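One structure below.
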Amino acid sequence: MTDRKFNQLVNFHTVMTDDDEFMLDAYLGPGSYETRRMTRDNLRLSRSRKYLVPYYSNGLTQQLYGLILLDGVESVARAFFTVPNDFGSGMTVSPIINPLTASGDLIYSIQVDYSDIAQTAAVTDDEVEQTEAITASQINLISNLALSAPFRPSLAQISFTRHADDVGDTIGASVYLLGFQIAYTADS
């Protein structure tokens with residue numbers, strides 16, 4: 001196995017075939033079989049995942065650019081997702097905003113409620129309110145919310161609120177919510 005192939009397997013978290021595992025065992029060099037197996041398994045278990053959760057319109061106006069979060073008023077958008085079966089640790093939620101030609105400070109809050117699928121009430125709430133500088137003419141992946149204790153199986157509800165009625169929101173135009181990026185480390 002070449003250094004390039006090793007880096008490809010380890011750094012890009014590709015799915016390993018049986019041949020790849022054999023080559024990885026051979027590449028790890030001298031040492032007991034158990035050491036090589038443990039190292040190989042640890043490399044396979046450390047995997048980053050990212051996926052998009054689309055917004056739920058909740059009666060708000062949608063356009064080609066995304067869900068409109070109006071200027072001058074408070075707008076709330078929601079999304080739902082289940083915590084993936086391979087969730088291991090470190091889950092974050094990041095809103096994705098398209099401001100088109102506007103730029104300035106966006107005042108927003110994001111809250112994530114999650115509960116066991118069999119329950120009706122939220123078990124855990126994670127919330128943050130903050131200001132984020134938004135750049136015009138580009139998709140903005142804004143600051144993430146690190147979830148404190150997601151568990152599987154659980155259903156999560158994201159509530160994103162733009163506080164455009166706050167004087168600190170200096171964009172001066174509607175912005176568009178494209179959805180939310182969920183990132184986590186898988187356990188397998």
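Of everything in region 66-109 that is among the β-branched types (Val, Ile, Thr) and more than 17 Å from Leu155 (Cβ to Cβ), the residue that is surrounded by the most Cβ atoms within 10 Å (Cβ to Cβ) is Ile97. Annotation: of all residues in region 70-91 being among the charged types (D, E, K, R) and within 15 Å of the chain's Cα centre (by Cα), the one that is farthest from Ser174 (Cα to Cα) is Asp86. Of all residues in region 118-158, those being within 17 Å of Ala77 (Cα to Cα), of a type in the set (Val, Ile, Thr) and modelled with pLDDT under 85 number 1.
Each row is one residue, and each column tells you yes or no for (1) within 16 Å of Tyr55 (Cβ to Cβ); (2) out of contact with any Phe, Trp or Tyr (no Cβ under 8 Å at 6 or more places or on another chain).
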site	(1), (2)
Asn85	no, yes
Ile97	yes, no
Ala102	no, yes
Gln130	no, no
Ala133	no, yes
Leu147	no, no
Asp165	no, yes
Gly172	no, yes
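Tell me, which strands (runs of 3 or more DSSP E) wholly within region 69-167 include 1 or more residues that are at positive phi and touching a residue at least 40 places away in the same chain (Cβ under 8 Å)? Don't jump to the end; show me each part of the working.
On the way: elements: 74-82, 87-98, 104-116, 124-134, 154-163.
In region 69-167, the matching strands (runs of 3 or more DSSP E) lie at 87-98, 104-116.
The values are calculated or read from the model by the stated rules, or taken from the named source; none is laboratory data. Small disclaimer: the values here were computed from a predicted structure and weren't measured. Virtual Cβ from ideal backbone geometry, glycine too; neighbours counted across all protein chains shown.
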